[in-house]
Structure formats: structure tokens, C-alpha cells
Amino acid sequence: MKLDRAGLTGLLQADDAAFAPVFERAGEVCRAQFGDTVRIRALLEFSNHCKRRCRYCGLNCANTALPRFRLTPDDMVHTALEAARCGYQTIVLQSGEDPFFTPDLLASIVGRIKRAAPGLAVTLSCGEFPAEAYRRFRDAGCDRYLLKHETADPDLYAALHPDSSLEERVGCLRAIKAAGLEAGGGFMVGLPGQTAQTIADDLLLLQSIPCDMAGIGPFLPHPDTPLGAEQPGSASLTLRAVALARLLLPQANLPVTTALGVLDPQAAGRVYEGGGNVVMRKVTPPHLRKLYQIYPASFPETTIEEGRRALEQSLRARGKIPV
Ligand code: 5AD
């Protein structure tokens, strides 16, 4: 099995029978690395304000139909501590690119959380910053930074992201690594104009960084965006992309993305058999979860504690050990 550009493209296009051994192998590599454990993370969406106009994303600033919210730093710290109390060992703080949250403010929030809960790993996911900001986050105690590259095709990237380039994006990922943070990358499967070769390039880009984590999810059309009338990405192609990412990056954390769970819950369950070892649960204040509308979806408005318990139960029912 050759995992170069041509080999990956061929495997992404192969028929199901030809791909089955690859999927199985990805599961073996994952088990050798993580056993039956699945790492669970708390996800706190703290602002849905965004200055960007990404054509696929419901948070883009041209979407005037979406009510916007922003948590206070006190509420963020409080929620992070509640997540830690409920057993989470990692919190992901995610937002749109909201100029209200300057690097200084984000660093101070991370610092407050780390002082109050030193054992809680903190991941930021708030978009692009100058290299200096990523170093400041690290100095404040931040452990990881998530920034998906979205697509490795520079022309498609430019078409989807007005006023920004793939080069800048990859530059940010390298700056994140250089700052000593773990880097989370990732991309969407099924973007209009994407080909199997693009996905092969996406996978090789993850490896070249190299990413410590990679979120790979299907594109889901949001009606209030310019891509609202397009078709969603394929669940089975998403499963293949995750399996190939596992073979290219045996030690990486590969989440079962929320987007795949929304598109096809059964396929999402299968990711655990083909390379996935991470899952995130929203700890965003329940009434705000539906407003973090990257793509259309509804989420249970359960408490942090109830959500965690339900997740642990569903993992155990699959024979997995939540950690
Ligand atoms: N469909 C699927 N995923 C999306 N994202 C943004 N918009 C969409 C969409 N319409 C993903 C991007 C982004 C992450 C926060 O959500 O990969 O990085």
C-alpha cells in the first residue's frame, strides 16, 4: 500500500471491497496506539461573532440572520472549571474570529483557567493570529491550538475564503508548532470543486506539518451561506479519509467530528473502528448551543454532567473505554 499522492487518490476512489482491508488496518494501528480508549474533550463555544466571510460557514459575518452571542471571561472560566469538576481533562475554547477577544484577553483567560485547574489541558481554536500571539498563548499555559486548513487546493481555498490564502493558513499552523503548542489541523470532505486528489493533498499536508491532531468532517451546506444549495459531503468518503490519516499519522488524535455525527450518526460510530480515537462534547451554555451554527444542526440542551454521562454510556456500549 503506497501512501503517496497517487496511492492515496487511488484508495479514495477504490471500490468498497478494495478499501475494506485499509479500513481494518487503520483500526489495528489505532488499537496498537490507544487500545480501546477514546479521549473525550469538552468544547466551549464562547463567541459566534466572526469577521470572516468563509463561504461555507454559517458564522460568516455576512449572515445577518444569525443572532450573535459572546460569553464573558468570567463565564468562560466558570464553565471550564465546571467541565473539570465533571471529569473532563481537556477543554477546547472555540470561537469565530472575534476581534473583541484580543490575544491579551485570550491569554489572560487561559492563565486564569490554568491557575484554577492546573491539570486541565486547554486548547484554543479561534482562528488566525500573528506568530507572536501563539507564543503568548503558550506562555499563558495553553497546550494546543486547533486551526483546520480546510482544503489543500490553493485555488479552492482562495475561492472559499475571501481575502485570505492557503499559504497564510499553513504559515499559522507552522507558527503554532514553532511556538511549542500541539497543532490540530483538518479539512472538510465534499467541498464543491474538491477532487480525490485534493483529499490526497489534504492528507499529505497534515503529515507535512505534522499535525498532532486532525479533524476531518463532511461539508454540510448551510442555507444562509453562498454554498447553501450545494450537496453535502459523503460519509463513507469521510470514513476513508480518517482511516488514511491514521495510517499516515499513527500517533495523532483523530476525532469523530460533530459534522459526521450530524450527517450520519451510524457512520460516526464506525470511525472508532477505522482510526478515530477522540470525541468532543459541547459544554457551551445549553440555550446558546443552537446559535453556534457553523452548519444546521440541533444539539441536546443537557447539563455538562448529564452530557458527559450520556457520552460515557454510549462509548461503553460500543466496548470503548472513555478517558
Ligand atoms: N460544513 C462542515 N464543516 C464546517 N465547518 C465550517 N463550516 C462548515 C460546514 N458548512 C468546519 C470548518 C471549521 C470548523 C470550525 O467547522 O472545518 O474549521
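The values are calculated or read from the model by the stated rules, or taken from the named source; none is laboratory data. No experiment lies behind these values; they were computed from the predicted model shown. Cβ placement follows ideal geometry from the backbone for every residue including glycine, while neighbour counts extend to all protein chains displayed. Surface areas here come from the heavy atoms of the whole protein model, side chains and all, with no ligands, DNA or RNA. Shrake-Rupley method; radii C 1.70, N 1.55, O 1.52, S 1.80 Å.
See the values below:
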{"quantity": "Unmet requirement for L12, which otherwise passes all of (1) in contact with a helix residue (DSSP H, G or I) (Cβ under 8 Å, 6 or more places away or on another chain); (2) more than 23 Å from F219 (Cβ to Cβ); (3) buried (at least 18 other Cβ atoms within 10 Å of the Cβ)", "calculated": "(2)"}
{"quantity": "The stretch 161-188, residues that are open to solvent by 10 Å² or more (accessible area, probe 1.4 Å), out of contact with any Gly (no Cβ under 7 Å at 6 or more places or on another chain) and within 12 Å of the ligand (Cβ to nearest atom)", "calculated": "R169"}
{"quantity": "Hits in the stretch 49-60 - residues which are away from the ligand (no atom under 11 Å from the Cβ) and over 19 Å from A229 (Cα atoms)", "calculated": "H49, K51"}
{"quantity": "Residue list for the stretch 306-323, restricted to those being in contact (Cβ under 8 Å) with a residue 60 or more places away in the chain, in contact with a Gly (Cβ under 9 Å, 6 or more places away or on another chain) and open to solvent by 70 Å² or more (accessible area, probe 1.4 Å)", "calculated": "I321"}
{"quantity": "Per-region count, the stretch 189-210, residues under 17 Å from Y157 (Cβ atoms), more than 10 Å from the ligand (Cβ to nearest atom) and in a loop (DSSP other than H, G, I, E, B)", "calculated": "5"}
{"quantity": "Selection within the stretch 253-270 - away from the ligand (no atom under 12 Å from the Cβ) and closer than 15 Å to R281 by Cα", "calculated": "L254, V256, P265, A268, G269"}
{"quantity": "Filtered residue count, the stretch 231-252, keeping only those that are more than 9 Å from the ligand (Cβ to nearest atom) and open to solvent by 10 Å² or more (accessible area, probe 1.4 Å)", "calculated": "12"}
{"quantity": "Selected residue (only one of D104, D98 is farther than 29 Å from L247 by Cβ and either among the polar types (S, T, N, Q) or not in a helix (DSSP H, G or I) (or both))", "calculated": "D98"}
{"quantity": "Identity of the residue in the stretch 81-121, charged (D, E, K, R) and more than 16 Å from the ligand (Cβ to nearest atom), that ends up most open to solvent (accessible area, probe 1.4 Å)", "calculated": "R115"}
{"quantity": "Residue pairs meeting the criteria (Cβ under 6 Å; at least 6 apart or on separate chains; first among the small types (G, A, S) and at pLDDT below 95, in the stretch 53-65; second open to solvent by less than 20 Å² (accessible area, probe 1.4 Å) and more than 8 Å from the ligand (Cβ to nearest atom))", "calculated": "none"}
{"quantity": "Residue in the stretch 189-212 that is least open to solvent (accessible area, probe 1.4 Å), counting only those that are closer than 27 Å to A121 by Cα and either of a type in the set (S, T, Y) or in contact with an Asp or Glu (Cβ under 7 Å, 6 or more places away or on another chain) (or both)", "calculated": "D212"}
